[in-house]
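Below is one structure, written out as structure tokens; comments come after it.
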Amino acid sequence: MNIVFLLLVLLLLIGAAGWATSAVLLRVQRLERRVDRMDRRLGLILDHLGVVEPEPAGMDGVRALLRDDRTVEAVKAYRAATGADLVEAKAAVESMSGHA
């Protein structure tokens, strides 16, 4: 086989992979927007019904760590208690400590 043919096949494969990746990313973005809308609606329903989500176990420990200025440990404890990712946990702990 000649090199030009192999390069053409390689370029076609790269293009197909790029197209497939962009299609998947667009689908994920649409699903994320849909989940956000559903989450807002569920929040409105729960507020209307007066349902309050219970605080996860372990939040007293997070607050104690914050009082001792142990922010990194507080973020880790928040993640363990809630299952939040690092960015979400950091934002939540900062808002709890008043440094948002």
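The values are calculated or read from the model by the stated rules, or taken from the named source; none is laboratory data. Because the structure is a prediction, the values reported are computed rather than measured. Neighbour counts run over all protein chains shown; Cβ positions are idealised from the backbone, glycine included. Each accessible area value is taken on the protein alone, full model and side chains, heavy atoms only, with ligands, DNA and RNA left out. Shrake-Rupley method; radii C 1.70, N 1.55, O 1.52, S 1.80 Å.
A few points about this structure:
- The stretch 1-88 - percent of accessible surface contributed by carbon and sulfur, probe 1.4 Å: 64 percent
- Rounded accessible area per residue of the chain, 1.4 Å, Å²: 83 Å²
- Among (1) 15, 49, 30, 6, 0; (2) 13, 23, 23, 17, 12, 9, 4, 0; (3) 15, 33, 25, 13, 6, 5, 2, 1, 0, the entry that matches P(r) over Cα pairs in 10 Å bins from 0, in percent as calculated here: (2)
- Ranked by how many other beta carbons lie within 10 Å on average, peptides 17-24, 78-85 from highest: 78-85, 17-24
- Helical segments meeting 18 Å axial Cα length and Kyte-Doolittle -1.0 threshold in the chain (DSSP H): 3-49
- Take every Cα pair under 8 Å whose residues are at least 6 apart in sequence, average their separation, divide by the length of the chain, and the relative contact order is 15 percent.
- Per residue of the chain, the DSSP helices (runs of n ≥ 4 H) give a summed -39500 (n - 2.57) that works out to -27500 deg cm²/dmol at 222 nm.
- Here the stretch 1-25 and the stretch 35-80 have alpha carbon centers that stand 45 Å from each other.
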